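The structure appears below as structure tokens.
The values are calculated or read from the model by the stated rules, or taken from the named source; none is laboratory data. As the structure is a computational prediction, the values presented were derived from the model and not from experiment. Using ideal geometry, Cβ is built from the backbone for each residue, glycine included, and neighbour counts are taken over all protein chains shown. Only protein heavy atoms, including side chains, enter the accessible area calculation; ligands, DNA and RNA are left aside. Shrake-Rupley method; radii C 1.70, N 1.55, O 1.52, S 1.80 Å.
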Amino acid sequence: MTAARRGAPARIAVLGSGGGSNLQAILGHFDAAGSRRAGTVVLVASDRAGAGALERGRQRDIPAVHIPRPADGIALDGLLAEHDVELIALAGYLKLVPAQVTRRYHGRIINVHPALLPAFGGPGMYGLRAHQAVLDAGVRVSGASVHFVDDAYDRGALIAQWPVPVLASDTAESLAARVLRVEHLLYPRVVDAVARGAITLGGHHRVHHHGTGVTGDPMFAFTSDEEASVQSIDLALG
Ligand code: GRF
């Protein structure tokens, strides 16, 4: 029985290799929910001892653990079990999650990617490299993608995407900043929906949106106004 059905907030682990701004957005989202929160971050872990994500966890008195051997599935599995983790949110995590963990957390491990998958994803396509590839390809729309994680980079079933315009004046840095703002709005809402059990991973790579009865279609929310877009995200996530 997941926490969502028990009524208790789902116990969430956030794995990150970088500054942890998505972690911060997730923490802020659940803080704003107060006692009605659908999840609570109980563990922050990183393959980098100096990652900002660990520091953010420490500032919130959340166990913040450096994992020196990210490929060691037994060690990672043990750490997650030690904290009774029910949902894993990868947020700027650059290492492949061992198959032992992706199997155990099938349908309970998600990731945010700073481009519109399946394009501009896969090994080595992270951070500014992804944004530079978008600019080099000359596409006019990029965005954020949230997907379930399986045992390959960026290939799991898509849950939600939110498009962002690419401007002629964009550099990889300016595009990254615009997409990151969208990530901070989109990702916490998807984490919340998965934590609530409103979105689940069914068979054959199909995503089920229980709130809206939508099955199989990645959520799409876009307007010119962020707040209106947030409302459309909340509507689409049920
Ligand atoms: C973000 O662009 C995220 O999409 C990617 O890593 C970047 C850094 O995220 N996966 P954060 O600031 O460390 O959360």
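Around the amide H of residue 156, modelled in the peptide plane, lie the amide H atoms of 150, all under 5 Å away and 5 or more residues distant in sequence or on another chain. Look at the dipole of the chain built from charges on Cβ: of 125, 81, 15, the Cα furthest out on the positive end belongs to 81. Measuring nothing but how far apart in sequence close Cα pairs (under 8 Å, 6+ apart) lie, relative to its length, region 56-201 scores a relative contact order of 21 percent. Residues whose amide H falls under 5 Å from that of residue 199, counting only those 5 or more places apart or on a different chain, are 194, 210, with hydrogens built in the peptide plane.
Each residue of region 184-190 was assigned a 3J(HN,Hα) from its phi angle through the Karplus curve 6.51 cos²θ - 1.76 cosθ + 1.60 (θ = phi - 60°); the sequence is 5, 8, 7, 4, x, 5, 6 Hz, with glycine and proline shown as x.
For region 46-56, putting each phi into the Karplus relation 6.51 cos²θ - 1.76 cosθ + 1.60 with θ = phi - 60° gives couplings of 8, 6, 10, 4, x, 4, x, 4, 5, 4, 4 Hz, in residue order, rounded to whole numbers and with x for Gly and Pro.
Residues 184, 113, 210 ordered from highest to lowest accessible area at a 1.4 Å probe: 210, 184, 113.
Extension gain for residue 171 to residue 33 (0.36 nm times residue separation, less C-alpha to C-alpha distance): 46.1 nm. The overall shape of region 1-98 is oblate: from the C-alpha gyration tensor, with semi-axes ordered a ≥ b ≥ c, the ratio a/c is 1.5 or greater and a/b is no larger than b/c. Using the 1.4 Å probe convention, the accessible area of the chain works out to 45 Å² per residue with neighbouring protein chains retained. Exposure check, 1.4 Å probe, all protein chains in place: residue 40 carries approximately 40 Å² of accessible surface.
In the chain, the DSSP-assigned H stretches of four residues or longer account for a calculated mean residue ellipticity at 222 nm of -11500 deg cm²/dmol, using -39500 (n - 2.57) per stretch and the full residue count as denominator.
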